[in-house]
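S.K.: The structure under discussion is supplied below as structure tokens; questions concerning it will follow.
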Amino acid sequence: MSDDDSELASIRRKKIVELAARDKRMHETREHEQKVDAERTKLLKRFLASDADSYLRELKTRDPSVGAQVEDVLLYLIVYREFRQTVTQIDIMYIERQVKGEEPKIRVQRDGRTSDFGAYVRDAVRKSSEDGKE
């Protein structure tokens with residue numbers, strides 16, 4: 001066996017050791033992620049009402065990034081703020097709106113038209129002030 005062959009064998013052994021170490025790290029990372037996911041799921045199951053749990057699952061399929069953020073907020077409240085109440089579907093909907101940056105909207109349906117409650121009140125105030133001027 002020449003020096004080139006022994007050098008190639010040495011390089012191969014190093015490469016095999018590196019690949020084995022990388023596979024081991026990947027396996028450990030995967031196991032850690034599975035444990036974290038199991039703990040997250042366990043905490044959520046404990047504090048979510050059944051309707052809230054189904055709404056959160058549906059939200060995560062409909063809008064994965066928002067669903068993940070809502071889940072992170074819930075877990076933050078449970079773990080770090082020691083929130084110990086049952087979370088309802090309305091609570092999750094509120095957090096979803098906050099994550100999306102949506103303002104609360106109340107709709108008024110009148111005469112077959114649907115309008116924003118704020119606009120409805122502004123129109124009523126404007127009309128009443130106009131009626132008072134006459």
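Every read-out reported here was derived from the displayed coordinates using simple, explicitly stated rules and does not represent laboratory data. Keep in mind that this is a model prediction, so the values were computed, not measured. A quick note on method: Cβ atoms are made from the backbone with ideal geometry, for glycine too, and the neighbour counts reach across all protein chains shown.
S.K.: Give the angle, between 0 and 90 degrees and rounded to the nearest 10, that separates the Cα long axis of helix 50-62 from the longest principal axis of the Cα atoms of the chain.
M.R.: With rounding to tens, the tilt is 70 degrees.
S.K.: How many percent of Cα pairs in the stretch 17-134 exceed 25 Å? Kindly include the intermediate steps, with their values, before the conclusion.
M.R.: Numbers: 3491 of 6903 pairs.
Pairs farther apart than 25 Å: 51 percent.
S.K.: Please arrange Tyr55, Tyr76 by counting, for each residue, the other beta carbons lying within 10 Å of its beta carbon, fewest first.
M.R.: Least crowded to most crowded, the residues run Tyr76, Tyr55.
S.K.: Also, quick follow-up: Could you give the nm distance between label points at Ala21 and Leu43, where each point is 7 Å from its Cα heading toward the beta carbon?
M.R.: It is 3.3 nm.
S.K.: State the extension gain, in nm to one decimal, for the chain segment bounded by Arg13 and Gln85, taking 0.36 nm per residue of separation less the distance between their alpha-carbons.
M.R.: Value of the extension gain: 20.3 nm.
S.K.: Now for a separate question. Per-residue ellipticity at 222 nm for the chain, helices alone: DSSP H runs ≥ 4 residues times -39500 (n - 2.57), over residue total, nearest 500 deg cm²/dmol?
M.R.: Helices in the chain give a 222 nm mean residue ellipticity of -26500 deg cm²/dmol.
S.K.: Please enumerate, by chain and number, the aspartates and glutamates with C-alpha under 20 Å from the C-alpha of Lys100, excluding those fewer than 8 residues away in the same chain.
M.R.: Within reach: Asp53, Glu58, Asp63, Glu71, Asp72, Asp91, Asp116.
S.K.: Okay, moving on. Using the crude model of +1 on Lys and Arg Cβ and -1 on Asp and Glu Cβ, and no other charge, please compute the dipole size for the chain relative to its Cα centre, in debye to 20.
M.R.: That gives a dipole near 320 debye.
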